[in-house]
């Protein structure tokens, strides 16, 4: 165990002793000489700041890791970082990590810049796109929000401002579109005159044209644009009716003024009432007041005598009076026709012309004939214009119908739109006359084309309703068949019955629409068939629920402290599962019973858990006790004495095994800590024992050398100071009993010979024992397996043969090498340096074997 004191394996004899002074001299020279290479390189560090190339060269050439790391702090460019990282990544981990982190930061920044430039390019593309949408701008903002590029923020902000301006323009354009559409719809019930309504429509149409010519017109919702066109066309078509109503109101006003100016005696209440009715129905705010005025006028006229008061043979009025009344009515009707034409009310003018044509027996004055001809010519001219305008409106109506398929409307809304278009066509027929056949055919074809998807859809729905009715009838038949099998079967599969009922109910609930005429009948048939299945199933389920209640009561009756409680509970749970598989109950009932059964099981587990908690507390106490043993061993390991280590470990082991079990989850950790503490105590004891052996070995070597030195001086005739030699002996640490006794006796013998008269005899003895010493050393080298050197090869071979022959002849157990070495140490003899080194080498080998 003392081999590490003298040399390392592979060293030549004496190399350790010869090498130590050299290393000490080198250290002394470095301490007393010029500054070291590390100090010189450390002085260059401040000058590297700002010079990345020099810093990189320094890092690549320096052999000191701290200085390389300090110089690496000045490297920031990507080229030098990659250069240094590639060269030093396998030699200096800290510098390589610093270089890698900075390279990653540079790559991340470049990646951020590339993403920012891509985002700006996308923003430029959006700014140049004709159809910019808000979701595109929102996606752009989302992408920019996760980018960190302060250098490009200003450029992005500029482009984003342009996009924001376009978005604000789109919002303003769409809001204006909505306002125009609302204003257009408001015109219909505003009560304005036809001319003012036409002027408003013209103004709104101009605004619409400006909006459609705007740069952002492509973002206007197509539905709003189409709806505006349809509303404008509808209101323009209704202007003719409004103009007719205003013409009637004007004719009524003229007739009332004429009748007010005429004498009351010349007016006939019946005649002017008929004339009033022939004028037609007026529109606007005036009709109510005009009607009241007319009623007051009629009430003020003298009433004709009752029919009964007349003479029985009264003759009709004279022909002149009849003609006079007819002429007056004709003149009034002609005036009303002229007034209607003046206001553009073609319908009212046509009605008045029809009344004039039906009037007979009137001789017209030249002035009246001219007026009538002029009025009829004007009526024809306006009718032609109305027919042309109606055809224009019909053309717009056809275009609107042709655009319906591109609007992708819902089928119901599409059907309503087509119906409203046909109604508006009929209204144009009444206002502008009959339409040409070609226009009607185009309109009818466009309506048929537009309505075709709706017709197909409604036909498909009708087919689905018919198919659903067939499915419903099949479900009814299946329910009737299941009910028949249930009546005929002796042992029914109730799980199958319950599944069938549930499946039939779900399938019935998932049926689509059915025609109303079949729905009520099929519902009643299905309910009757299902009730036949449901009745026995409900009785069976009640019995099953009673069986579940019994299982719940058995679970509640379990004693938690019984050792078979868990087995009983597990058996009940298995029975519950078997019952649940045999016949599922209604979901609500099943859940309620399961909650009760689970509560009973949880109560058993809770009671057992309480007892388990007590056992866990005891195991935790055991863990604390074992941790205390481990802690005591850990605390005693530092200053442990080798002699006390064995007793400490035996006591700790006895105490450890006396403690009960610990929680299973912590068992491995507790065991690991205890074994680690035991290993630590043993390690420290071994280290202390090794240190003691080291001290003993050093002391043995020094005392042996002291004895050899004393004997060498004694043989050389030098003066011996016994007290000085004894003082040097006392200064050395004491050895073990065997070696201390032997070497002390050898020292005392030499000192006694030096101080007495037997110095020459002792010197002769020393010289005489030289050969014997070499012989014993050679014998021990053979026994210990130590090489003796080339010069002793012949003697070694001869001695090996003798030792072998002696051991074979004697048959006795040989003396141990340690005892032989003690005898060698006890024998006074002169020894040169080579012999001394051979003794030390033997001591190293023999002492090591003894320690093992």
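Available extension along the chain between residue 296 and residue 720 is 135.2 nm, counting 0.36 nm per residue and deducting the alpha carbon span. Each of 397, 551 has some number of other Cβ atoms within 10 Å of its Cβ, and from fewest to most they run 551, 397. Listing 741, 844 from fewest to most neighbouring C-beta atoms within 10 Å gives 741, 844. Each semi-axis of the equivalent ellipsoid for the range 212-264 is √(5λ) with λ an eigenvalue of the Cα gyration tensor; in descending order they amount to 48, 10, 5 Å. When the convex hull of its Cα atoms is viewed from all sides, the range 437-515 shows a mean projected area of 6.7 nm². Suppose R0 equals 22 Å. What FRET efficiency, 1/(1 + (r/R0)^6) with r the Cβ-Cβ distance, do residue 638 and residue 94 give to the nearest 0.05? So, using R0 = 22 Å, E works out to roughly 0.05. Estimated from the Cβ-Cβ distance and a Förster radius of 51 angstrom, the FRET efficiency linking residue 515 and residue 141 is about 0.45.
Each of 680, 77 has some number of other Cβ atoms within 10 Å of its Cβ, and from fewest to most they run 77, 680. The calculated FRET efficiency for residue 671 paired with residue 695, based on their beta-carbon distance and R0 = 35 Å, is about 0.45.
Spin-label model, residue 51/residue 653: points 7 Å from Cα along the beta carbon direction are separated by 6.9 nm.
Our estimate of slack between residue 174 and residue 664, defined as 0.36 nm per intervening residue step minus the Cα-Cα distance, is 169.0 nm.
Each reported figure results from applying straightforward, stated rules to the coordinates on display, with no laboratory input. Quick caveat: nothing in here was measured; it's all calculated off a predicted structure. Positions of Cβ are backbone-derived with ideal geometry, glycine not excepted, and every protein chain shown enters the neighbour counts.
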